[in-house]
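Report on the following structure.
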Amino acid sequence: MPVHSISPAALKRALSGGETEQIRSWCAALEAGGVLYFPETPLPISADDLDTLLGQQQTESKLHKNIAYKPKSDELTGVDAKTSPGASVHQVHDVMRRYSQTVERFLTRFLAPYRQRWVLDYASYRPLEEKGRDLALRRRNDLLHTDAFPTRPTRGWRILRFFQNINPTRTRDWVVGEPFSNVVGSFAPGKLAMPRADNILARGGKQLATATGLAKLVPQWKRTPYDEFMMQLHNAMKEDTEFQDTCAKEYVEFAPGSSWMVYTETVPHAVLAGQYALEQTFLVDPAALVTPESAPVAVLEKMAGARLV
Ligand code: SIN
Ligand code: FE
């Protein structure tokens, strides 16, 4: 714990030999708060695509942290038109579409036990140097945090992210914290109120998700007590200097040309340094897990003794 390294040979064996036990144990490790690490990415990017991405000169802007690709609408946002000639915007769009499709195809095989019970969410390209970025506290990614979407509640669906360090020479440097149940125990109850079913409804969580795919799959896509708690936990972690300084953590360096995946809504993580990473997000149905009892919605509902979604 928390990093499980998967060599190309082990991956090949598991995928070709139908090693369902191995795959299920990787899923269980992921669900328990581990990082699945592929020192050599199973999804190498072509030299042309790499050139296109490394050529992007993003300016640090409060509006656009990253370049985002929305697979459902095939939309690209965040490319700086001032610094990117028109042709290059199209090229980036093509590269992001390809990356998104490639990751989904790979995870359909690798995460076979899930049987695609997920929604393909946004992909992103992170071209800025992470060290020394000047961001507002709640937007900082160099502080340990669990992910929560301020405007797009997941109603208990899990946030799974597949990353790729496309920097040809430099590592991407992370810090990873303790399993969710430990972390949540050090915040609630105490620093943070336990989630309560009435909490949220009172706050009028009528916010509908803009992601049409999600809305279709899960009608009445609004903020639930679960989402409210997860958002507050994200903020509380970043604002707590004592937690940041004293919590159990591990430093991890992701090699150039490597990939990794992690449930970022439960595994506390921070990026300290690195530049040029790709990422694809999946929202996974908690009922699809190999260990459904490990889902944060299950953990919190047990603690609260109430339904939270
Ligand atoms: C984050 O999700 O907090 C940032 C991770 C990264 O870009 O490496
Ligand atoms: Fe994050």
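What to note about this one:
- Condition check for residue 267: in contact with a Gly (Cβ under 6 Å, 6 or more places away or on another chain), in a loop (DSSP other than H, G, I, E, B) and away from ligand 2 (no atom under 15 Å from the Cβ): no
- Residue in the stretch 154-171 that is without any contact (Cβ under 8 Å) to a residue 24 or more places away in the chain, surrounded by fewer than 19 Cβ atoms within 10 Å (Cβ to Cβ) and over 23 Å from residue 289 (Cα atoms) present: no
- Any hit, the stretch 129-150, residues being more than 16 Å from ligand 2 (Cβ to nearest atom), touching a helix residue (DSSP H, G or I) at 6+ places or on another chain (Cβ under 8 Å) and not in a strand (DSSP E or B): no
- The listed residues are 271, 284, 309, 262, and the only one of them that is open to solvent by 10 Å² or more (accessible area, probe 1.4 Å), under 20 Å from residue 147 (Cβ atoms), within 19 Å of the chain's Cα centre (by Cα) and of a type outside the set (Asp, Glu) turns out to be 271.
- Residues that are surrounded by fewer than 21 Cβ atoms within 10 Å (Cβ to Cβ), within 15 Å of ligand 2 (Cβ to nearest atom) and within 19 Å of residue 188 (Cα to Cα) are absent from the stretch 245-259.
- From 300, 289, residue being surrounded by fewer than 23 Cβ atoms within 10 Å (Cβ to Cβ), over 11 Å from the mean Cα position of the chain (by Cα) and of a type outside the set (Gly, Ala, Ser): 289
- Candidates in the stretch 142-152 are the residues that are at pLDDT below 95 and of a type outside the set (D, E, K, R); of these, the one that is surrounded by the most Cβ atoms within 10 Å (Cβ to Cβ) is 149.
- Selection status of residue 129, over 20 Å from residue 275 (Cα atoms), touching a residue at least 60 places away in the same chain (Cβ under 8 Å) and surrounded by fewer than 21 Cβ atoms within 10 Å (Cβ to Cβ): no
Conditions tested, residue by residue: (1) touching a helix residue (DSSP H, G or I) at 6+ places or on another chain (Cβ under 9 Å); (2) modelled with pLDDT of 95 or more; (3) within 16 Å of ligand 1 (Cβ to nearest atom); (4) not charged (D, E, K, R).
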site: 162; (1), (2), (3), (4): yes, yes, yes, yes
site: 169; (1), (2), (3), (4): no, yes, no, yes
site: 182; (1), (2), (3), (4): no, no, no, yes
site: 186; (1), (2), (3), (4): yes, no, no, yes
site: 200; (1), (2), (3), (4): yes, no, no, yes
site: 205; (1), (2), (3), (4): yes, no, no, yes
site: 217; (1), (2), (3), (4): no, no, no, yes
site: 220; (1), (2), (3), (4): no, no, no, yes
site: 223; (1), (2), (3), (4): yes, no, no, no
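- Flag if residue 306 is over 16 Å from residue 195 (Cα atoms) and of a type in the set (Gly, Ala, Ser): no
- Residue within the stretch 226-244 that is without any contact (Cβ under 8 Å) to a residue 24 or more places away in the chain and either surrounded by fewer than 17 Cβ atoms within 10 Å (Cβ to Cβ) or assigned to a helix (DSSP H, G or I) (or both) present: yes
The values are calculated or read from the model by the stated rules, or taken from the named source; none is laboratory data. Nothing here was measured: the structure is a model prediction, and the numbers come from that model. Heads up, the Cβs are rebuilt from the backbone with ideal geometry, glycines too, and the neighbour counts pull from every protein chain shown. Remember, those area values only see protein heavy atoms, side chains included, never the ligands or the DNA or RNA. Shrake-Rupley method; radii C 1.70, N 1.55, O 1.52, S 1.80 Å.
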